[in-house]
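Worksheet: one structure, shown below.
Nothing in this text is a laboratory measurement; each read-out follows from the coordinates by a stated rule. In this text the structure is predicted, and so the values were computed from the model without any measurement.
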């Protein structure tokens, strides 16, 4: 009889320990517990030690840390009828754990689906040049729209970033040709501008030389000095007509005098 009582007490003690273990829950600092009692929402508790009534209480853990979700690659046709592939990343966190559990079946899956739909919708309304040049504005628009849709679920979207835009090979070649043509245009403009400035300087120099003809001869002598420093075996140096014209006049006068003498 006593042995039966001891066995009964032992099983009762084991049952009591099981109940105690089922009553105690410990939540970390970033976790919250959504408590349901007989299927009805009661409260959101945590962090720390949580006591539950066995059998009648159920708890669902929710993490409050920022979740980084990769939005799968989407096939998008832009407003200017260009087919591209775009993927993105979304940063969000649960602000109201009770709404995240009660208002939506799976808030992670729901957020992923609304992100994909919004990505296709917003980028499909934009042109390719806008996607490439106004990335920050596109990200801000995506963040506002997704945050507006997920707010009833107790979720706050902090940031959305478009990671990569894959262009067709034909479009990449066309853009490369466009960039090359733009570079050539800039080079031609710069070259023409340099020629124009050089012509202006030459015109100014010609005006100065016209006022002082002796400066041209000095310039020739300076050029000859610069050439001589190179230690060249052959020096080709043009003579100004003004220098040899005097000798030509002297030869002509001598020829005329000789003719008259005869």
(message) Considering only C-alpha atoms, what is the centroid distance from region 1-57 to region 132-147, in Å?
(response) 47
(request) Compute the Kirkwood hydrodynamic radius of region 1-138, taking the inverse of the mean of 1/r over all pairs of distinct Cα atoms, and give it in Å to one decimal. (result) 19.2
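How long are the semi-axes of the ellipsoid equivalent to region 2-62, from square roots of 5 times the Cα gyration tensor eigenvalues, in whole Å, largest first? Each step should come with its number before you reach the end.
Values: eigenvalues 197, 35, 6 Å².
Result for region 2-62: semi-axes of 31, 13, 6 Å.
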(request) Quickly estimate the mean residue ellipticity at 222 nm for the chain, helices only: each DSSP H run with n ≥ 4 gives -39500 (n - 2.57), and the total goes over all residues, rounded to 500. (result) -19000 deg cm²/dmol
(message) Can you compute the equivalent ellipsoid semi-axes for region 67-167, i.e. the square root of 5 times each eigenvalue of the Cα gyration tensor, sorted largest first and rounded to whole Å?
(response) 26, 12, 11
(message) Placing one identical point scatterer on every Cα of region 24-94 and ignoring solvent, what is log10 I(q)/I(0) from the Debye formula at q = 0.12 Å⁻¹?
(response) -0.53
(message) Between (i) 14.3; (ii) 37.0; (iii) 13.4, which entry matches mean projected area of the Cα convex hull in nm² as derived from the coordinates of this structure?
(response) (ii)
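Å³ per residue of the Cα convex hull, for region 169-211? The partial results should precede the final answer.
Values: hull volume 1.1 nm³, N = 43.
Spelled out: Cα convex hull of region 169-211, divided by residues, is 25 Å³.
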(request) Whole Å is fine, so just give me how far the alpha carbon centre of region 71-91 lies from that of region 167-195. (result) 27
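Do you know the relative contact order of region 67-167, to the nearest whole percent, from alpha carbon pairs under 8 angstrom that are 6+ apart? Could the numbers behind the result be given before it?
Numbers: 168 pairs, mean separation 40.3, N = 101.
The normalised contact order for region 67-167 reaches 40 percent.
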(request) Note the angle between two axes, namely the Cα long axis of helix 2-23 and the longest principal axis of the Cα atoms of the chain, as a number of degrees from 0 to 90, rounded to the nearest 10. (result) 30
(message) Output the 0 to 90 degree angle, nearest 10, between the alpha-carbon long axis of helix 107-124 and the longest principal axis computed from the alpha carbons of the chain.
(response) 30
(message) So for region 130-211, considering every pair of alpha-carbon atoms, how many percent are separated by more than 15 Å?
(response) 76
